[in-house]
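In what follows, a structure is listed as structure tokens, so that the remarks can point back to it.
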Amino acid sequence: MTAEILFAEPRISNQVIHVAGDTVTYRKVADTVDEVLGIKVRRDEWTVPDLIQQWEEKPQDALRKYRVVFAQGRGVAWDIAGTFNAQRNIRVCGLDEWARGNLSSMSVTAENQVE
């Protein structure tokens, strides 16, 4: 999508561009990897208080702030119809489709699996 926006005609500049695709949880990502690769990936659950504590330890860390915001359900969303990809009829694949097309040929070693 970034390349599409960069090379869009007419040129786009100085404006916010919204795109949309799947919104998935980390659990859904892990479950999809499990299914596509036929393994069980390790899951470490971080509670909201855990994430807040991590952020307080490094308040300048934007990724830690992002985790807190989204874990608290304060993410952002917008109407798909108003997105760049919808307005230009650009199809984006979902998590399952992407994983099957990009992960299914990966080889997995024993140390990547969890009992």
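The values are calculated or read from the model by the stated rules, or taken from the named source; none is laboratory data. Treat the numbers as computed from the prediction; the structure is a model and nothing was measured. Virtual Cβ from ideal backbone geometry, glycine too; neighbours counted across all protein chains shown.
Assorted remarks:
- Restricting the range 63-99 to residues that are in a helix (DSSP H, G or I) and over 16 Å from the mean Cα position of the chain (by Cα), the residue that is nearest to D22 (Cα to Cα): I80
- When the test is whether a residue is assigned to a loop (DSSP other than H, G, I, E, B), farther than 25 Å from I5 by Cβ, out of contact with any helix residue (DSSP H, G or I) (no Cβ under 9 Å at 6 or more places or on another chain) and of a type in the set (S, T, N, Q), Q53 does not pass it.
- So G38, is it among the small types (G, A, S), surrounded by 10 or more Cβ atoms within 10 Å (Cβ to Cβ) and over 16 Å from the mean Cα position of the chain (by Cα): yes
Okay, residues lined up against (1) modelled with pLDDT under 95; (2) surrounded by 13 or more Cβ atoms within 10 Å (Cβ to Cβ):
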site	(1), (2)
I5	no, yes
A20	yes, yes
Y26	yes, yes
P49	no, no
E56	no, no
E115	yes, no
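- For the range 48-69, a residue qualifies if it is farther than 19 Å from T25 by Cβ and of a type in the set (F, W, Y), and exactly one does: W55.
- Matching entry among I5, I17 (being part of a loop (DSSP other than H, G, I, E, B) and hydrophobic (A, V, I, L, M, F, W, C)): I17
- Residues that are β-branched (V, I, T) and without any contact (Cβ under 8 Å) to a residue 40 or more places away in the chain are absent from the range 29-46.
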